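The values are calculated or read from the model by the stated rules, or taken from the named source; none is laboratory data. This one's a predicted model, so the numbers in the text were calculated from it and none came from an experiment. All Cβ positions, even for glycine, are placed from backbone atoms using ideal geometry, and neighbour counts span all protein chains on display.
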Amino acid sequence: MKFKGHPVRGAIFGFLFFFFVALDLLFFGVIPLDSAVITILPLVGIVLGLVWAMLAPLGGKGGSTDVAPPAYQPPPA
Amino acid sequence: MVRRTLFAFAVICAAIVFSAAASGAAPTSTLGPCEGSATFQKGGFTVNATEAGTVEVPRTDDVDWKGSITGPTGDNAYSGNIKVDLPPPFGSLSIDSWSGTTDATSNSGTKHYDLPGAVPANVEFTVRGSHSQGSFNCSGHVTVKIKGSSVNAVSIGSLAATALTGVGLLFAGRAKGGV
């Protein structure tokens with residue numbers, strides 16, 4: 001499995017983002033305190049964060065950056 | 001954040017539980033030989049032990065509560081507890097418990113409660129109670145939420161944290177070495 005993006009960042013922020021989404025749902029009265037959604041969403045967030053980091057659809061190397069850097073040529077003696 | 005939230009709910013539940021079920025007999029949907037009621041003075045309503053559904057309570061109030069159990073005679077050992085249901089797999093949070101010996105089969109009183117503004121309104125939570133006296137057992141539960149707007153410091157803070165962590169998640173999707 002090759003990650004184009006940042007998998008550790010993706011997992012951590014995926015967990016936190018979906019955890020706070022669950023808290024938002026709780027605080028705005030969408031789900032009750034004993035809802036399993038509060039537990040499940042952060043775990044789903046880890047998976048989605050990893051998938052997000054694997055696909056890495058933002059930015060990315062442009063065509064020109066795929067070209068190998070010029071070889072180092074030592075200055076003439 | 002989680003600990004603060006749980007503590008806040010514990011405060012709410014303790015207030016309601018003391019007002020409605022200090023005799024171990026008042027939560028709604030009771031099973032067993034218990035009866036109880038709680039009258040919210042400012043709210044202007046009474047909650048009976050047989051009532052189902054969600055009870056919306058004011059943030060601050062004085063509650064006249066009473067409870068009774070049918071069956072026990074003479075001195076009997078009693079025990080009970082009040083818990084708040086948490087998301088699985090966390091089970092429940094114990095709010096209060098009691099035990100001892102008594103020959104009383106009823107109790108009543110008035111309890112004042114005042115929940116801090118940081119405790120979120122409009123959030124449903126389930127409070128479970130049980131009471132045993134002699135060979136008689138009661139159990140019940142009530143779904144409670146505080147009246148008021150969902151918008152407060154806690155919910156706004158949660159929204160801000162959602163936005164911040166969302167930005168962090170977006171950046172995790174930037175390709176390594178990308179511009």
Where A:ALA22 falls short, out of the listed (1) closer than 26 Å to B:ALA118 by Cα; (2) facing another protein chain (nearest Cβ under 8 Å); (3) of a type in the set (Gly, Ala, Ser): (2)
For the stretch A:1-11, which positions are surrounded by fewer than 21 Cβ atoms within 10 Å (Cβ to Cβ) and closer than 12 Å to B:VAL167 by Cα? A:ARG9
In the stretch A:35-71, the residues that are within 7 Å of chain B (Cβ to nearest Cβ) and modelled with pLDDT of 90 or more: A:SER35, A:ALA36, A:ILE38, A:THR39, A:GLY49, A:TRP52, A:ALA53
Do any residues in the stretch A:4-16 that are within 12 Å of B:GLY173 (Cβ to Cβ) and facing chain B (nearest Cβ under 7 Å) have Cβ atoms under 8 Å from those of residues that are of a type in the set (D, E, K, R) and outside any helix (DSSP H, G or I), where the two are at least six apart or on different chains, and which pairs are they? A:LYS4/B:LYS176; A:GLY5/B:ARG174; A:GLY5/B:LYS176; A:HIS6/B:ARG174; A:HIS6/B:LYS176
Run down B:SER132, B:SER99, B:SER106 and say which single residue is farther than 24 Å from B:ALA153 by Cα and either buried (at least 17 other Cβ atoms within 10 Å of the Cβ) or among the charged types (D, E, K, R) (or both). B:SER132
Mind telling me which of the residues B:GLY129, B:GLY117 ends up being in a strand (DSSP E or B) and more than 10 Å from chain A (Cβ to nearest Cβ)? B:GLY129
B:LYS42 vs. criteria of a type in the set (Lys, Arg) and free of Cβ contacts under 8 Å to residues at least 40 places away in the same chain: yes
Filtered residue count, the stretch A:1-35, keeping only those that are out of contact with any Ser or Thr (no Cβ under 9 Å at 6 or more places or on another chain) and not in a helix (DSSP H, G or I): 9
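Conditions tested, residue by residue: (1) over 30 Å from A:PRO42 (Cβ atoms); (2) of a type in the set (Lys, Arg); (3) touching a His at 6+ places or on another chain (Cβ under 8 Å).
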residue: B:THR54; (1), (2), (3): no, no, no
residue: B:TRP65; (1), (2), (3): yes, no, no
residue: B:ILE69; (1), (2), (3): yes, no, yes
residue: B:GLY91; (1), (2), (3): no, no, no
Among B:THR165, B:THR101, B:THR126, B:THR143, which is the only one that is without any contact (Cβ under 8 Å) to a residue 40 or more places away in the chain and touching a strand residue (DSSP E or B) at 6+ places or on another chain (Cβ under 6 Å)? B:THR101
Hey, B:GLY43 assigned to a loop (DSSP other than H, G, I, E, B), surrounded by 13 or more Cβ atoms within 10 Å (Cβ to Cβ) and in contact with a strand residue (DSSP E or B) (Cβ under 6 Å, 6 or more places away or on another chain) or not: yes
If we scan the stretch A:14-33, do we find a residue that is within 8 Å of the chain's Cα centre (by Cα) and under 30 Å from B:VAL84 (Cβ atoms)? yes
When the stretch B:61-78 is examined, which residues are found to be assigned to a strand (DSSP E or B) and surrounded by fewer than 14 Cβ atoms within 10 Å (Cβ to Cβ)? B:ALA77
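Filter the stretch B:103-114 down to residues that are of a type outside the set (Ser, Thr, Tyr) and outside any strand (DSSP E or B), then give me how many there are.
Summing the residues that are of a type outside the set (Ser, Thr, Tyr) and outside any strand (DSSP E or B) in the stretch B:103-114 gives 2.
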Considering residues of the stretch B:79-91 that are part of a strand (DSSP E or B) and buried (at least 18 other Cβ atoms within 10 Å of the Cβ) only, the residue farthest from the chain's Cα centre (by Cα): B:GLY80
